[in-house]
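Here's the structure, in structure tokens; my notes come after.
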There are 2 protein chains.
Amino acid sequence: MHANNEIGTIQPITEIGRIAHENNIYFHTDAVQTVGKIPVNVKELNVDMLSLSAHKLYGPKGIGALYLRQGVRIEPLMHGGGHEKGIRPGTENVPGIVGLGKACSIAKENLQMDAQKLTSLRDMLIDNVLAENEDSYLNGHRTKRLPNNANFRFTGIEGESLILHLDAKGIATSTGSACSSPKLEPSHVLMAIGLKEVEAHGSLRISLGHENTEEDIKYTITAIKEVVEKLRKMSPLWCASS
Amino acid sequence: MHANNEIGTIQPITEIGRIAHENNIYFHTDAVQTVGKIPVNVKELNVDMLSLSAHKLYGPKGIGALYLRQGVRIEPLMHGGGHEKGIRPGTENVPGIVGLGKACSIAKENLQMDAQKLTSLRDMLIDNVLAENEDSYLNGHRTKRLPNNANFRFTGIEGESLILHLDAKGIATSTGSACSSPKLEPSHVLMAIGLKEVEAHGSLRISLGHENTEEDIKYTITAIKEVVEKLRKMSPLWCASS
């Protein structure tokens, strides 16, 4: 992954790609989280293949793209029809393709401005949440991070209770990846970066979008503080240090 | 296939399904051509699985559906995410799904009227083309046929020349399946129903839509007659019987 979907960490794809190519290994990256958020250049990233999804950059759902470096051949998973050079059979989703193209073009135009704005809102959120809540932590890298991602954990609190209480205050968040929200297992990402199971269950993922304002962030900081305090009062796992 | 995409023949799916079930065999039908054109009822058809596509019934491109009878389990081709009961991973194309639903609902409402209108236009086209052009034939069944499909062949004429000349007159047709139009092989469907290669190359597929009028059909009948006569004058394969 170019950037992780849960904790927003941007991976050193350029370096990994160089190592892969020095060893004659084809290299694919999932750039679904980064296209439209940070600069993505397939040459600079040293990738042979890259996938992206329109709905992650304000384009339509139901359409994505796979970049294949010229000369790279892949085996299709589905057969018949011969569309898209035999790689993906089926009548092309023309409105979706046009929408993806337009979304990319708009994203490119606004990339620097959007990234700056989101980074500033993200940092305001992270700094204040960590400062105002005892025993709170940021999951993932502090700076090598998607402009729009914050992922916290709060000792003694279940992530599920946190998102339900925030939802009641009009704030939509998640505990891990939306893809696996019906599953109850702790996030494999948080387990992989070395958290204990109880810590991984206490995570809160917040994604910002380009419509968010400073007001939204201030409201969220206050809401998190209120909910964390309320939940800790009820928590058998929490003993206040004060 | 419930109905063939090239020659429009409606297959005896109900009977095939009964035989399949008597022998404990799961039965899938591709109903892409029939949904929205003729009545489709999974129970009456004796199918365990049925696939359909929205853009074939005036819905959006990029969305389709697979009907699975309750209790039927299938292996996914793609993995991860767990969406759609683990069968098809990926963020759901919500606008597409809604569009497919709406298209089905409109199609159902108008089904009988549309089918009657199209059948009458189709029959007018078939009867007149066969009557007005010497050595012309209908491919596929005369009556067990999609309301919107006509597929002709004309001795001594290449299908490709036919569609180019009709295109110049504003009539969009094809020689076989649009999926395989970049290929130069004769239609496997026409070969399978027993045509010789030279006959299969001479086919002309015309699909009608619910915006077509009697005027369109009259114009098309005249255009075909003109083009067929013109091409036969140039054809080394054609000796007029008169």
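The values are calculated or read from the model by the stated rules, or taken from the named source; none is laboratory data. If you're wondering where the values come from, they're calculated on a predicted model, not measured in any experiment. Every residue, glycine as well, gets a Cβ built from its backbone with ideal geometry; the counts of neighbours run over all protein chains shown. Heavy atoms of the whole protein, side chains included, go into the accessibility calculation; ligands, DNA and RNA do not. Shrake-Rupley method; radii C 1.70, N 1.55, O 1.52, S 1.80 Å.
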Pairwise Cα inverse-distance average, inverted: Kirkwood Rh of the stretch A:114-242 (Å) = 14.9 Å
Excluding A:Ile87 itself, calculate the net charge of residues whose Cβ lies under 15 Å from the Cβ of A:Ile87, where each Lys or Arg counts +1 and each Asp or Glu counts -1.
-> 0
Out of B:Leu100, B:Leu208, B:Leu77, a Gaussian network model of chain B with alpha-carbon springs under 10 Å gives the largest mean-square fluctuation to B:Leu77
Rounded to whole Å², per residue accessible area for the protein assembly as shown with a 1.4 Å probe reads 56 Å²
What are the distances, in nm and sorted shortest first, from the label point of B:Glu160 to the label points of the same position in each other copy, with each label point placed 7 Å from Cα along the Cα-to-Cβ direction?
-> 6.4
Per 5 Å bin from zero, what fraction in whole % of the C-alpha pairs of the stretch A:1-110 is there, up to the bin with the longest pair?
-> 2, 11, 19, 20, 21, 16, 8, 2, 0
Hey, what D do you get for the stretch B:62-169 in µm²/s if you plug the Kirkwood alpha-carbon radius into Stokes-Einstein at 37 °C and 0.692 mPa s?
-> 179 µm²/s
Convert 25 °C to kelvin, take the viscosity as 0.890 mPa s, use the Kirkwood radius over C-alpha pairs of the stretch A:1-59 as Rh, and evaluate the Stokes-Einstein diffusion coefficient in µm²/s, rounded to a whole number.
-> 211 µm²/s
For chain A: relative contact order, % (alpha-carbon pairs under 8 angstrom, 6 or more apart) = 19 percent
By accessible area of protein heavy atoms, probe 1.4 Å, what ranking do A:Thr29, A:Thr155 get, highest first?
-> A:Thr155, A:Thr29
For the stretch B:94-201, which whole-number percentage of the solvent-accessible area (1.4 Å probe, protein heavy atoms only) is attributable to carbon and sulfur atoms?
-> 58 percent
How many nm separate the modelled label positions at A:Lys85 and B:Lys225, each set 7 Å beyond the Cα in the direction of the Cβ?
-> 4.8 nm
Buried area at the B-A interface (accessible, heavy atoms, 1.4 Å probe, summed, Å²) = 1200 Å²
For the protein assembly as shown (alpha-carbon point model, no solvent) the Debye-based log₁₀ I(q)/I(0) at q = 0.11, 0.14 Å⁻¹ works out to -1.02, -1.32
What accessible area, in Å² to the nearest ten, does a 1.4 Å probe give for A:Lys169?
-> 70 Å²
When averaged across all projection directions, what area in nm² does the alpha-carbon convex hull of the stretch B:119-164 cover?
-> 3.4 nm²
For the stretch A:25-65, which residues drop by 40 square angstrom or more in accessible area between the chain on its own and all protein chains together (1.4 Å probe)?
-> A:Lys61
Modelled label reach - A:Val72, point 7 Å along Cα→Cβ, the stretch A:1-20 residues with backbone N closer than 12 Å = A:17
Roughly what % antiparallel, to the nearest 5, for the DSSP beta bridges in chain B?
-> 80 percent
When the Cα atoms of the stretch B:184-242 are enclosed in a convex hull and the volume is divided per residue, what value in Å³ results?
-> 140 Å³
Can you give the Rg to Rh ratio for the stretch A:78-135, taking only C-alpha atoms and Rh from Kirkwood?
-> 1.36
Mark the label point 7 Å from the Cα of A:Val42 along Cα→Cβ and return the residues of the stretch A:5-36 whose backbone N is within less than 13 Å of it.
-> A:27-31
Between copies, how far does the label point of A:Lys85 sit from its twins, in nm, shortest first, when each point is 7 Å from Cα along Cα→Cβ?
-> 3.7
For B:Asp123, label point 7 Å along C-beta direction: distances to other copies, nm | 7.6
Share of Cα-Cα pairs in chain B beyond 33 Å, whole percent, is 27 percent
What are the residues of the stretch A:80-124 that lose 40 Å² or more of accessible area, with a 1.4 Å probe, going from their chain alone to all protein chains?
-> A:Gly81, A:Thr91, A:Asn93
